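The values are calculated or read from the model by the stated rules, or taken from the named source; none is laboratory data. A quick note: this is a predicted structure, and the numbers were derived from the prediction, not measured. Neighbour counts run over all protein chains shown; Cβ positions are idealised from the backbone, glycine included.
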Ligand code: TEU
């Protein structure tokens, strides 16, 4: 691939800084912790990192409520620390993506505070969605928030003359911007340029299918669909004008040398999501339909085929991910215990064998399970609004085998408790074990790179998906390599060809259950 299209074949490692490594011992991970562990990240063989929000924030939604888009939260460090991180990553050939949150902000953002103070009818309020409710005290419309509960809160509940409400698709601490006001777009141009000028290689865009709401904010006639505990309201998502925002951002990203990457969190079905990666919009959008799948060959083949159709229709490859800080960890989703680990191994080898960029989430390389965080320790605002808790995927990373310093995470009481036995899953425990998930992820990424260098894997390949024998699924890359995942109860015959790789040892010419193999045509 041309040097400026590195993302087409890249493996990017998602770092959730508050749970990665805590250098100052306050129980919360920080940028210095990331700086100290950059050599570890580089040792995985990945091409870059995506850092989830570390900007100034009251941390109601763990940083996804941003009160200053252009500064580092003191909990995580300083802008100077960020610059050091960026320089350190670049010197290890790691690209750096930062998170941009344009759908909503924090109630503590100066512009939102100014809007509350300025009162109804003011230009300040027009930066957000303020509206009068009904005479009987109900909110302006019937929308519910993604996290549960009404999507509206009163701006000044104590006031008798100011009875306006403001819209928040997520928690009440996260007011939505009014993207129909051109001043909002101009403000975000500056935010985008601030990070790109600092030298970041790209941005991950939070709720990229949000931003615009249906004109006039009409009542919704449909009950929102609930996926992974999140409520999706079609009137609040995937509105046509949002595509102009990405055309505008793409022009900005392309002004830089080399061009910068735009990757969107577009949590939509394949065909709708792929529209965000048309040639003049985003470069990548995560394949959420795939990330949500359980252990089912039928489902993988079906969604794989949908993604391939979307690629052909709109012209850009799927971007693969199985885990992130919002989803239940793969080990747990696929069955937990030894079976779950074996399937998570097979799944990561499958993903890394598919054509297109691939994102891994910190701890996935350790086969960490989702943790059942004790109710009194949960911190997720979604949990507090009656939804599921995403804390189970956010527990601090175990670096060392002994419990001291929270298994090497840091000296303070960690912001989420680490469970018993966490040290057995640590980096230290897996480092010298050739049968570990850590060893598998490293060697799989290395082989993927070699196959790309040798032209066995190529950027931009399509892929055919079909059901194989006895509960297996086969993805045949255009260049000929087949990724075969055994998801049934019995071992299956492998297609003819040379075995390039497998997630666990094969059984003669047979693929055992819960195993992935890469097969090259002879
Ligand atoms: O998650 C976004 C999220 O919840 C949506 O993709 C949701 O599935 C969709 O709106 C339903 O249509 C991101 C972050 O990853 C998450 O941690 C934050 O809590 C959330 O945004 C709010 O910023």
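Answer with yes or no whether residue 266 is within 16 Å of the ligand (Cβ to nearest atom), buried (at least 16 other Cβ atoms within 10 Å of the Cβ) and either assigned to a strand (DSSP E or B) or not assigned by TED's automatic domain parsing to the domain that holds residue 14 (or both).
no
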Pairs returned, first residue in the stretch 473-498 that is at positive phi, second residue that is not in a strand (DSSP E or B), beta-carbon separation under 8 angstrom, 6 or more apart or interchain, are 480/521; 497/521; 497/522
Scanning the stretch 458-472 for residues that are more than 25 Å from the chain's Cα centre (by Cα) and crowded, with 16+ Cβ neighbours inside 10 Å gives 468, 469, 470, 471, 472
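Quick grid of which residues meet (1) at pLDDT below 95; (2) farther than 30 Å from residue 258 by Cα; (3) in a strand (DSSP E or B):
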site: 171; (1), (2), (3): no, yes, no
site: 180; (1), (2), (3): no, yes, no
site: 185; (1), (2), (3): no, no, no
site: 191; (1), (2), (3): no, no, no
site: 194; (1), (2), (3): no, no, no
site: 197; (1), (2), (3): no, no, no
site: 204; (1), (2), (3): no, no, yes
site: 211; (1), (2), (3): no, no, no
Residue pairs qualifying under the 7 Å Cβ cut-off, at least six apart or on distinct chains, with the first in the stretch 216-232 being touching a residue at least 40 places away in the same chain (Cβ under 8 Å) and over 18 Å from residue 390 (Cα atoms) and the second being in a loop (DSSP other than H, G, I, E, B) and within 14 Å of the ligand (Cβ to nearest atom), are 218/235; 220/143; 220/233; 220/235; 224/233
Taking residue 82 as the residue in question, decide whether it is at pLDDT 95 or above, in contact with a strand residue (DSSP E or B) (Cβ under 6 Å, 6 or more places away or on another chain), closer than 24 Å to residue 208 by Cβ and not assigned by TED's automatic domain parsing to the domain that holds residue 203.
-> no
request  = Can you confirm whether the stretch 276-289 contains a residue that is part of a loop (DSSP other than H, G, I, E, B), assigned by TED's automatic domain parsing to the domain that holds residue 99, within 16 Å of the ligand (Cβ to nearest atom) and farther than 25 Å from residue 487 by Cβ?
outcome  = yes
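So that you can scan it fast, the table gives a plain yes or no per residue for (1) more than 16 Å from the ligand (Cβ to nearest atom); (2) part of a loop (DSSP other than H, G, I, E, B); (3) under 16 Å from residue 27 (Cβ atoms):
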| site | (1), (2), (3) |
| --- | --- |
| 372 | yes, yes, no |
| 388 | no, yes, no |
| 398 | yes, yes, yes |
| 407 | yes, no, yes |
Reported set for the stretch 412-438 where residues are more than 24 Å from residue 378 (Cβ to Cβ) and either assigned to a loop (DSSP other than H, G, I, E, B) or under 23 Å from the mean Cα position of the chain (by Cα) (or both) is 427, 432, 433, 434, 435, 436, 437, 438
